[in-house]
1. Could you tell me how many degrees, from 0 to 90 and to the nearest 10, lie between the Cα long axis of helix A:422-431 and the main elongation axis, the longest principal axis, of the Cα atoms of chain A?
2. In what order, largest first, do B:Arg123, A:Arg148 sit by accessible area if the probe radius is 1.4 Å?
3. Taking a probe of 1.4 angstrom, what is the accessible area of B:Arg126 in Å², to the nearest 10?
4. Please check the range A:235-250 for residues whose accessible area, probe 1.4 Å, is lower by 40 Å² or more when all protein chains are in place than in their chain alone.
5. Which of the listed residues, B:Ala237, A:Ser155, A:Val22, is farthest toward the dipole's positive end in the protein assembly as shown, when Lys, Arg count +1 and Asp, Glu count -1 at the beta-carbon?
6. Under a point spin-label approximation (7 Å from Cα along Cα-to-Cβ), what is the A:Ala388-A:Phe92 distance to one decimal in nm?
7. Between the range A:1-43 and the range B:1-41, what's the alpha-carbon centroid distance in Å?
8. Taking the Cα-to-Cβ direction at A:Gln106 and at B:His254 and moving 7 Å from each Cα, how far apart do the two end points lie in nm?
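The values are calculated or read from the model by the stated rules, or taken from the named source; none is laboratory data. Because the structure is predicted, anything quoted here is derived from the model rather than measured. Positions of Cβ are backbone-derived with ideal geometry, glycine not excepted, and every protein chain shown enters the neighbour counts. Ligands, DNA and RNA are stripped out before the accessible areas are found, and what is left, the full protein with its side chains, is counted by its heavy atoms. Shrake-Rupley method; radii C 1.70, N 1.55, O 1.52, S 1.80 Å.
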Amino acid sequence: MKQFGTIFKFELKYYLKNKIFVGITLFLVVLIAAVMSLPRIAAIFESEELQDPDEEIIYDSTEDLSVMLLKTENSEYSDVILSAFSGEFEAFYNVQLTDESLPEIQEKILSDEAECAFVLMGLTSFKYYIETPSMYDMNVDSAIVAMRKIYQTVSLIEKGVSIEEAENIINVEISSEMYGVGAVEEEESLGEFDLLGNFLYTYIMIFALYMVILLYGQMVSTNVATEKSSRAMEVLVTSAKPTAMMFGKVLASCFAGFIQLAAVFGSALLFYGINKSYWGENEIIESLFNISPVLLVYMLVFFVLGFLIYAFLFGAIGSTATKLEDINTSTLPLTFLFIIAFVVVMTSMTSGSVDNTLMKVCSFVPFTSPMAMFTRIAMSTVPWYEIAISIAILVGSVVGIGVLSAKIYRVGVLLYGTTPKLSAILKAVWKA
Amino acid sequence: MVLELRNIEKSFGEKKVLTGVSFKAEGGKAFGLLGRNGAGKTTSIRILMDVFPANGGEVLIDGNPIDYNKIQIGYLPEERGLYPKKIIIDQLTYFAELKGMRRKEAVKAVDYWLERLGMTEYRNKRLDTLSKGNQQKIQLVTALAHDPDIVILDEPFSGLDPVNAILLKDVVKEQIQKGKIVLFSSHQMSYIEEFCDSIAILNAGKVALHGDLHEIKRNYFRNKLVVRTVNAEKIKADFGDSCSEAENGDLIIHLSDPDKKKSAMLRLVENYDIDEVKVFEPSLNDIFVEYAGDAVKED
């Protein structure tokens with residue numbers, strides 16, 4: 001235990017005195033501080049602009065928008081049609097009715113006088129004209145919505161309802177709130193379920209985990225390989241127990257990672273606090289800083305365990321490399337494993353179905369569970385026993401892989417020459 | 001204190017590295033562990049230091065299994081190297097702490113040894129700014145700072161200039177005087193002869209020879225005579241095949257039986273102009289070549 005403490009302190013000092021480590025941390029802190037202060041900085045510039053009293057700012061919303069032409073044979077309900085299309089497209093287009101012929105309309109689109117045009121045939125069909133069709137063009141979908149409203153409104157009018165009333169019926173305002181029953185914890189299940197916030201935490205945690213594991217994993221690996229290639233290992237293996245070495249190194253890197261993250265997030269929190277009034281009612285930022293304590297605890301648990309399991313393996317791999325150049329190739333399979341886990345979780349997250357079978361399996365496999373299970377906890381409803389089983393498997397795996405890594409380390413550090421095959425190492429570990 | 005390795009067996013995979021290796025080393029004396037490259041010296045040392053376990057056999061101190069919590073071992077490996085980019089005092093203190101010293105004691109002990117080896121001026125420098133010889137002296141501190149009971153020095157003199165070699169000799173003598181077990185492993189036989197009272201020669205994982213160096217020399221076949229003479233040609237002609245010439249011009253007379261040495265000596269003194277005649281005493285080098293030499297053929 002004393003050896004572990006000595007190694008932990010020595011290794012931590014290595015990180016905290018490492019110029020690159022300190023440099024990156026400071027850079028991130030300053031960057032985050034700057035981002036968090038953006039509204040205040042913007043406000044300074046805005047107030048300077050507004051100081052000129054003679055300058056009158058007139059903002060004509062229709063002038064900046066591109067033109068959308070709308071042609072209809074139905075002159076009786078042209079008001080209804082225009083208002084429906086304007087309602088659907090007002091944020092993006094200046095919708096104008098036109099009587100021009102089709103060739104003229106096409107000419108206008110080609111000459112950029114108009115961006116696109118809808119030609120209506122009756123109330124249930126239309127043609128859409130645009131210079132270059134794009135995959136992301138959602139205008140047809142919006143037009144269908146508008147056409148439905150037009151059809152419904154016209155139908156109501158024909159049944160004797162006044163235009164205003166018909167439009168009120170069609171455009172009736174519906175208010176909504178979303179509740180996640182059972183997500184996170186029972187007490188919270190009745191409160192408002194902050195899906196946007198949870199999505200963001202998951203996103204941030206997974207990205208942080210991704211960055212930290214790849215960065216620190218490589219650092220642990222390189223650290224071990226450097227000791228081996230400089231032959232400092234010859235003295236080290238005779239001075240300290242391999243388990244103390246491995247756990248000391250990995251936990252020190254984990255702690256260093258936490259110091260870095262704490263500095264970055266601390267800076268974010270501090271500068272948000274300072275600039276809070278400038279951020280106003282920004283929903284995203286606000287939900288970001290109002291993370292539920294339970295979710296925060298889960299985040300920490302999965303983060304630490306996920307980090308440890310990979311860091312141990314990176315350390316073990318480092319011990320089998322003779323030259324520093326070999327590290328990148330040797331760690332490749334592990335990096336791949338991690339990237340696959342990352343891709344699976346990210347895909348499920350963005351597709352919105354975090355409870356698919358793959359994710360369920362992944363949330364119990366130790367190498368993927370830190371990301372997969374946390375994502376499911378944050379974005380869906382997971383029974384407590386599943387969480388408990390997942391954490392138990394993960395804790396068991398961390399300890400098991402830690403001990404295995406220490407054994408690989410003991411065998412690996414004394415092998416020089418070509419990097420041995422995994423099977424050969426495991427055989428040697430088994431026999432030792 | 002007596003250190004004993006008894007019937008140590010070790011294999012790596014299919015390869016048998018040590019077979020029934022046994023030897024004893026006493027406190028207050030230096031012990032030489034000899035053998036050609038690959039004979040099993042480093043493996044024996046690593047088993048002795050508990051880096052990995054043996055497949056069979058025991059490591060004993062005064063007849064009881066060694067307790068690594070009580071017995072401190074200092075080690076200067078043949079493959080030298082510490083942290084090249086780290087400050088010397090930091091890493092030396094770290095190694096001493098790993099050996100169980102408190103930080104304050106460690107700093108004090110390291111400072112003592114830096115002073116003793118004339119390295120105090122490099123205390124706060126990075127290791128890679130030092131010359132190879134000086135780096136080796138720094139490495140010696142890791143073997144001695146925690147005042148170990150057993151000091152293992154693997155090729156301690158390689159790479160040292162004559163002045164530093166004398167400094168190291170003094171340090172080694174001091175360690176022996178303090179009653180420690182000093183275990184040497186070296187190919188430089190002159191140093192082993194100078195320090196070691198007993199030796200073990202390993203050959204292909206087995207102990208080929210083990211015991212007190214003086215006794216080994218005394219018990220060596222006394223069937224050769226060394227003759228210094230001006231009548232070399234005449235003696236060679238008279239003695240025929242049993243006479244050969246050494247590199248320094250002395251004649252070596254091989255006797256068919258050690259008991260014939262008296263009559264052979266009388267015959268030489270009476271019939272030729274002899275400056276000196278004596279029984280051939282082998283150097284450690286001769287013994288080494290004879291006992292460790294088989295491995296040469298195996299290679």
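1. 40
2. Numbers: B:Arg123 60, A:Arg148 145 Å².
Listed by decreasing accessible area, they come as A:Arg148, B:Arg123.
3. Here the accessible area works out near 100 Å².
4. Flagged in the range A:235-250: A:Val235, A:Leu236, A:Thr238, A:Ser239.
5. B:Ala237
6. Here the modelled spin labels are 5.0 nm apart.
7. After rounding, the separation between the Cα centres reads 49 Å.
8. Using points 7 Å along Cα→Cβ, the separation is 11.4 nm.
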